[in-house]
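Participant: I'd like to ask you about the structure that follows.
The values are calculated or read from the model by the stated rules, or taken from the named source; none is laboratory data. Only a predicted model underlies this, so the values are computations on that prediction, with no experimental measurement involved. Backbone-built Cβ (ideal geometry, glycine too); neighbour counts: all protein chains shown.
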Amino acid sequence: MAFGRGGPGPMSEINVTPLVDVMLVLLIIFMVTAPLTQQGVKVELPQTDAPAMKTSTEERLVLTLTKDGRAYLGKTEVPMERLTDMLSANEKLKQDKELYLHADQTLPYGVVVKVMAAAKAGGADNLAMVTDPVSTEAPR
């Protein structure tokens, strides 16, 4: 009586299909949530033909002015009378000396100039005005 082996040996291949499925789901989740990660207050920026700046949004210190004249440093509302003090105390501004200004296009010019002066007094050596590119679409 001869006894043979009792079936095939151990499986030596790894099934990668579940791994690929999980990775595709993660990729889709990240693609959907990436546009939502932009922080700040929604304002209508003026449009210009200037070329886009090449800088990452995570590292920028942004001062936002809404159409009703309120100021936000990041997502934190800052009273206009304390703007210079808040900027002077900001560690990121002390280090980089750079501030990006998102001002609603409907704001009076005088308000924007006052905020720019406060930013300069608060330690911003480089002040960048952020705009939207001019739309080339034909009106509908």
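Participant: Specify the residue that is modelled with the lowest pLDDT; the eligible residues are those in the range 93-140 that are of a type in the set (Asp, Glu) and surrounded by 10 or more Cβ atoms within 10 Å (Cβ to Cβ).
Facilitator: Ranking the candidates gives Asp132 first.
Participant: Tell me which helices (runs of 4 or more DSSP H) are completely within the range 63-126 and hold 3 or more residues being free of Cβ contacts under 8 Å to residues at least 60 places away in the same chain and β-branched (Val, Ile, Thr), or say none if there are none.
Facilitator: Once the helices (runs of 4 or more DSSP H) in the range 63-126 are filtered for at least 3 residues that are free of Cβ contacts under 8 Å to residues at least 60 places away in the same chain and β-branched (Val, Ile, Thr), what remains is 109-121.
Participant: Provide a single number: the residues in the range 36-77 that are more than 17 Å from Leu107 (Cβ to Cβ) and modelled with pLDDT of 70 or more.
Facilitator: 7
Participant: Can I ask one more? Identify, from the list Met23, Met11, the residue that is over 20 Å from the mean Cα position of the chain (by Cα), at pLDDT 70 or above and surrounded by 10 or more Cβ atoms within 10 Å (Cβ to Cβ).
Facilitator: Unique residue meeting the criteria: Met23.
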